[in-house]
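The values are calculated or read from the model by the stated rules, or taken from the named source; none is laboratory data. Computed from a prediction, not measured in an experiment: that's the story for all the values here. Glycine also receives a Cβ, built like all others from the backbone with ideal geometry; neighbour counts cover every protein chain displayed.
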Amino acid sequence: MSGVPAAYRPRRSVLYMPSSNARALEKAKTLAVDALILDLEDAVAPDVKASAREAACAAAGSGDYGRRELTIRANGLDTEWFADDIAAIARSGAHGVVVPKVGSADEVRTIVAALDAAGAPDDLRLWAMIETPRAILDAAEIAAASTRLAALVMGTNDLVKELYARHVPGRAPLLTALSLSVLGARAAGVAILDGVFNDVSDGEGFEAECRQGRDLGFDGKTLIHPGQVDGANRVFAPSAEEVEDAHAMIEAFEAAMAQGRAVATHKGRLIENLHVETARKAIAVEEAIAALG
């Protein structure tokens, strides 16, 4: 799997679900989503935080969600609920904990220390949300702060607010921040997920933003509605044509190598080893998606 981390798993579609909504938790069992974020933060009112925590942890430990990666979004480090959230999530059986508004490498280390103190297993991963200007500027340090950290998650709604920017088609106000975050994630070898698309009635706009995120280098997209799952899965997966072309490119290169040449041509294009690595990555990603069943 050259070009793909050994621990790679598809995260094309990552859906937020309110943990206070039993019907939503039940529906999530049927969705073709790669990962779920069972939310204890924004989608949950203060007076039901405790019951939502209990429901999310029960879901994570139930074994009822099949091959889906199950994470739980805790309340922030500076809230009254954080310590109880971390203590419960550490023992829940979830694959990961999502922490909002992570602003520095020191905060990552504080979160990891809390997980360790709560007895979290080594394979419980941390997903750090990047939502502030400071976090963008420190994205590389945040991403590299702990081996427990597996992903950065863009919080684009909060970031737009913090920047005094606006939501516009094409996301020009966010492009620098998005690219800096991708750079930080790739330098550290961790995954990175694009932010949500707010207009659930605009399917065309959603898929355009998925394509933009894919082209910028994101692994997948966070979602707020089940109707967005299929589009994200499609856009963030190699197409059948791309996989076929990848196989043909590798075959052409290997034939050239057998003849003592270091480069080859494929469909009129010069093919070098770096292109072959990209082709092998596309094939490996397709195989990982197929393995989900």
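Given the criteria in contact with a Phe, Trp or Tyr (Cβ under 6 Å, 6 or more places away or on another chain), modelled with pLDDT of 95 or more and not aliphatic (A, V, I, L, M), does residue 103 qualify?
Values: in contact with a Phe, Trp or Tyr (Cβ under 6 Å, 6 or more places away or on another chain): no; modelled with pLDDT of 95 or more: yes; not aliphatic (A, V, I, L, M): yes.
Spelling it out, it is not the case that residue 103 is in contact with a Phe, Trp or Tyr (Cβ under 6 Å, 6 or more places away or on another chain), modelled with pLDDT of 95 or more and not aliphatic (A, V, I, L, M).
When residues in region 243-268 are screened for being out of contact with any Phe, Trp or Tyr (no Cβ under 7 Å at 6 or more places or on another chain) and surrounded by 15 or more Cβ atoms within 10 Å (Cβ to Cβ), 9 of them pass. Taking region 1-53 as the range and being among the hydroxyl-bearing types (Ser, Thr, Tyr), at pLDDT 95 or above and closer than 30 Å to residue 274 by Cβ as the test, only 13 passes. Going by the structure shown, is residue 171 of a type in the set (Lys, Arg), crowded, with 18+ Cβ neighbours inside 10 Å and either out of contact with any strand residue (DSSP E or B) (no Cβ under 8 Å at 6 or more places or on another chain) or not assigned by TED's automatic domain parsing to the domain that holds residue 99 (or both)? Answer is yes for this residue. Every residue in region 33-48 that is surrounded by 18 or more Cβ atoms within 10 Å (Cβ to Cβ) and among the charged types (D, E, K, R), please. 34, 39, 41, listed by residue number. A count restricted to region 198-245 and to residues that are in a helix (DSSP H, G or I) and of a type in the set (Ser, Thr, Tyr) stands at 0.
May I ask you to say which residue of 28, 58, 52 is of a type in the set (A, V, I, L, M), surrounded by fewer than 21 Cβ atoms within 10 Å (Cβ to Cβ) and without any contact (Cβ under 8 Å) to a residue 40 or more places away in the chain? One residue alone meets the criteria, 58.
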